[in-house]
1. State all residues of the stretch 133-155 that are under 43 Å from the mean Cα position of the chain (by Cα), more than 24 Å from Leu194 (Cα to Cα) and open to solvent by less than 60 Å² (accessible area, probe 1.4 Å); if no residue qualifies, say none.
2. Condition (residue is open to solvent by 40 Å² or more (accessible area, probe 1.4 Å) and either free of Cβ contacts under 8 Å to residues at least 12 places away in the same chain or aliphatic (A, V, I, L, M) (or both)) applied to the stretch 314-322: is it met by at least one residue?
3. What is the one condition in (1) at pLDDT 85 or above; (2) in contact with a Leu (Cβ under 8 Å, 6 or more places away or on another chain) that Pro235 does not satisfy?
4. Just to be sure I understand, how many residues within the stretch 102-129 are open to solvent by less than 40 Å² (accessible area, probe 1.4 Å) and closer than 21 Å to Lys176 by Cβ?
5. Please verify whether Leu178 is touching a Ser or Thr at 6+ places or on another chain (Cβ under 8 Å), open to solvent by less than 90 Å² (accessible area, probe 1.4 Å) and either without any contact (Cβ under 8 Å) to a residue 24 or more places away in the chain or among the hydrophobic types (A, V, I, L, M, F, W, C) (or both), treating the condition exactly as stated.
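The values are calculated or read from the model by the stated rules, or taken from the named source; none is laboratory data. Remember, it's a predicted structure, so these values are computed and weren't measured experimentally. Here the Cβ is made from the backbone with ideal geometry for all residues, glycine too, and neighbour counts use every protein chain on show. For the accessible areas, the whole protein counts, side chains as well, though only heavy atoms, and no ligand, DNA or RNA atoms are used. Shrake-Rupley method; radii C 1.70, N 1.55, O 1.52, S 1.80 Å.
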Amino acid sequence: DILDFDLTGGRPGAIIESEEHLQRKEEMFEEMEDGTRTYPKWTNDFGSFIEEEEAEYNTNDPDAIDASTLGSYTIRDLQSKFDYEWDPETDDDPNIIDPATRHEYVQEVEVDEEGVEVGYNPIYGPSNPIDTRTKRGAMDSFMIDEKSRNDDILPKQFLDGDLEIGFNEDVVRFRKSLDIIETYTDKFLPDDMLIPRHVAEWYGYPEQLSYPSQNYTNNRFTDPKDLTNFDAMTPQRAQERAMELASAKNAEWLPDGISQEWHKSQRKPYEDIGTLVGSVLEGECDPDIVELIQPALKILGGCADLLSIENGTVFRFYYHGLIKNKFGMAAWTETLIRDCGVEVTGVVFETGFRQRDPSYDSGNPYYGPQW
């Protein structure tokens, strides 16, 4: 029986095939064997060949095409690879032009009078189709090119001993010696843009799905032996320590002393003048003025503490409220003091190093050393 053979040829079958499909397939083969299967009328127009009925099937040929597997997704589909697919870890980069044939391509891209590549755009990059992957000279067809032609199937152009053979070789040699670039124009591109007809094949590169993993101490200037060992801390203590380092502006990526010098530079203008503005240090307060502004201090309560009165009209407070309300509270306090009948030219709310609201921004309310 011509149907009595292994339909898969020893190759793996479909990856997913239900029991219902297997049962239906078995019924169809049984109908074909006993002759009870019916076919459409149009199949009679093709007839049959005695050679097909008497043919002997070679089930051991691994390259044979099995008609029963056509349209079925098998494990071999996962193992197959197209010409443009390559593994950068195991395969050589096919995009690199062989140095032995590099002289056959354009050596340098065309530039304008300012030395900028023709067609280059700072936003979209280069756009000139003729680049260093463009082949120079006249190219032969696949059937004629010495690298790809097959003399067994290529018909002879001339008879043996023909006088035209030598003349034709001279013409071919001259044509290949011309340093030209075969180009064409595309109707969807500008008319003055020439597209090279022969370029080095581009296989592309696999898409980078993630950045390579690096040590978390990468790009730090601190000596490894001086790093804070967060791994040895509890999660809560590690978070507190991170907040301390960040709030003190002396984090792990800055050398020791940089943060201190920055704070000194911020404080120096106040020290040169000899004022306490910019710190949370207490100064002198006129008792008479303090007595007059008691109604305003009672309204402020624990939100702000009076630090000093500068020049009799500038009031400094240690502000404990939310940073987002700092300027609004200072303007309101100036109005309260003025309502007490006291002359005021400015109200300064000092917060030291505190620049955020930890209750709203999360984290530990540590603000580092105060002035």
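1. Within the stretch 133-155, the subset under 43 Å from the mean Cα position of the chain (by Cα) is 133-143, 145-149.
This time we only want the ones that are more than 24 Å from Leu194 (Cα to Cα), so: 143, 145-149.
Listed by number, the residues that qualify are Asp145, Ser148.
2. Within the stretch 314-322, the first condition is being open to solvent by 40 Å² or more (accessible area, probe 1.4 Å), and the residues that meet it are 318, 320, 322.
From what's left, either free of Cβ contacts under 8 Å to residues at least 12 places away in the same chain or aliphatic (A, V, I, L, M) (or both): 322.
Yes, there is a match, as at least one residue in the stretch 314-322 is open to solvent by 40 Å² or more (accessible area, probe 1.4 Å) and either free of Cβ contacts under 8 Å to residues at least 12 places away in the same chain or aliphatic (A, V, I, L, M) (or both).
3. (2)
4. Of the residues in the stretch 102-129, 2 are open to solvent by less than 40 Å² (accessible area, probe 1.4 Å) and closer than 21 Å to Lys176 by Cβ.
5. Working: touching a Ser or Thr at 6+ places or on another chain (Cβ under 8 Å): no; open to solvent by less than 90 Å² (accessible area, probe 1.4 Å): yes; either without any contact (Cβ under 8 Å) to a residue 24 or more places away in the chain or among the hydrophobic types (A, V, I, L, M, F, W, C) (or both): yes.
No.
To keep it simple, each residue is scored yes or no on (1) in contact with a strand residue (DSSP E or B) (Cβ under 6 Å, 6 or more places away or on another chain); (2) open to solvent by 70 Å² or more (accessible area, probe 1.4 Å); (3) under 30 Å from Tyr120 (Cα atoms); (4) without any contact (Cβ under 8 Å) to a residue 24 or more places away in the chain.
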residue: Asp162; (1), (2), (3), (4): no, no, no, yes
residue: Phe167; (1), (2), (3), (4): no, yes, no, yes
residue: Asp170; (1), (2), (3), (4): no, yes, no, yes
residue: Thr183; (1), (2), (3), (4): yes, no, yes, no
residue: Ala200; (1), (2), (3), (4): no, no, yes, no
residue: Asp231; (1), (2), (3), (4): no, yes, no, yes
residue: Met243; (1), (2), (3), (4): no, no, no, no
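Conditions tested, residue by residue: (1) free of Cβ contacts under 8 Å to residues at least 40 places away in the same chain; (2) of a type in the set (Lys, Arg).
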residue: Arg102; (1), (2): yes, yes
residue: Tyr105; (1), (2): no, no
residue: Glu114; (1), (2): yes, no
residue: Val118; (1), (2): yes, no
residue: Tyr124; (1), (2): yes, no
residue: Ile130; (1), (2): no, no
residue: Ala138; (1), (2): no, no
residue: Ile144; (1), (2): yes, no
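Conditions tested, residue by residue: (1) in a helix (DSSP H, G or I); (2) in contact with a Cys (Cβ under 7 Å, 6 or more places away or on another chain); (3) loosely packed, with under 10 Cβ neighbours inside 10 Å.
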site	(1), (2), (3)
Gln157	no, no, no
Asp192	no, no, yes
Gln214	no, no, yes
Ala238	yes, no, no
